Amino acid sequence: MKRRLAILAVVLVLAGATAWLARDWLVAQVYLQVLEWDGRVEGLQVDRVAEALHLTPGMRVADIGAGTGLFSWPLAREVGKDGLVYAVDVNLVLLGHIDRTAAAAGFANVRTVLAAEDDPLLPEPVDLVFMCDTLHKIEDRAAYLETLRRYLRPGGRIAIIDFEDWGLTPKVLRGWMTGAGYEFADSHDFVKDNFFVIYSCPSRRPVSLRPRGSGHINVGHRTSPRCRALRGSLG
């Protein structure tokens with residue numbers, strides 16, 4: 001009886017993981033079509049954004065909500081071969097796409113990270129957290145921004161590009177950021193239909209993070225139920 005229950009539990013976990021992967025695949029197919037269409041890329045001015053971040057060789061950057069990797073590549077060029085870009089997403093299929101693209105294009109300084117819905121699960125603190133059209137998708141935005149502090153090096157920055165809606169405006173964002181201890185650093189107005197702001201975190205050192213295993217897909221220790229199911233299905 002116990003053996004049957006154990007087998008049933010495994011089947012249910014695998015079924016759940018399969019359902020999540022199927023959903024990820026469907027979402028990824030849509031994103032692969034829309035995230036890099038010419039009008040969006042032109043409006044975002046991707047290379048100009050990367051230049052405005054004033055990155056230097058050797059820096060560590062987290063591209064949270066990386067999607068297809070649209071910004072991961074120019075960020076990787078800015079930090080150079082001695083730097084590192086963590087392409088972070090909750091969609092395993094999109095991360096696979098980034099891995100394949102990085103390998104084909106020779107971007108050895110891009111590493112993918114499978115995040116939880118409420119935690120990017122970065123393996124180390126970074127100099128810059130970059131988020132484009134991602135924050136509005138997060139359920140508890142204020143709490144997520146507070147969580148990001150632990151992943152920033154002293155003097156680290158957060159750059160956010162997003163569009164305004166009833167719950168997300170530059171004014172509302174400033175309240176969340178200052179409440180979490182960030183300081184306003186800069187803003188730009190050249191991104192079409194989006195605001196682009198940068199905050200710094202100069203006053204507090206990040207907490208130490210537990211070491212994680214090697215490899216591109218990082219399921220980490222602080223995983224959501226979704227990530228735990230995926231970890232079981234992936235071995």
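Quick notes on this one:
- Any hit, the range 88-103, residues being within 15 Å of ILE161 (Cβ to Cβ) and either part of a helix (DSSP H, G or I) or without any contact (Cβ under 8 Å) to a residue 12 or more places away in the chain (or both): no
- Test: residue in the range 32-53 that is modelled with pLDDT of 95 or more and farther than 24 Å from VAL191 by Cα: no
- If you go through the range 152-185 and keep only what is assigned to a helix (DSSP H, G or I) and of a type in the set (Ser, Thr, Tyr), you end up with just THR178.
- Flag for GLY96 being open to solvent by less than 40 Å² (accessible area, probe 1.4 Å) and under 19 Å from PHE195 (Cα atoms): no
- Hits in the range 67-91 - residues which are of a type in the set (A, V, I, L, M), open to solvent by 10 Å² or more (accessible area, probe 1.4 Å) and either touching a strand residue (DSSP E or B) at 6+ places or on another chain (Cβ under 6 Å) or over 19 Å from ALA115 (Cβ atoms) (or both): LEU84
The values are calculated or read from the model by the stated rules, or taken from the named source; none is laboratory data. Everything numeric here is computed off the predicted structure, so don't read it as measured data. FYI the Cβ positions are ideal-geometry reconstructions off the backbone, even for glycines, and counts take in every protein chain you see. The accessibility values were calculated without ligands, DNA or RNA, using every heavy atom of the protein model including side chains. Shrake-Rupley method; radii C 1.70, N 1.55, O 1.52, S 1.80 Å.
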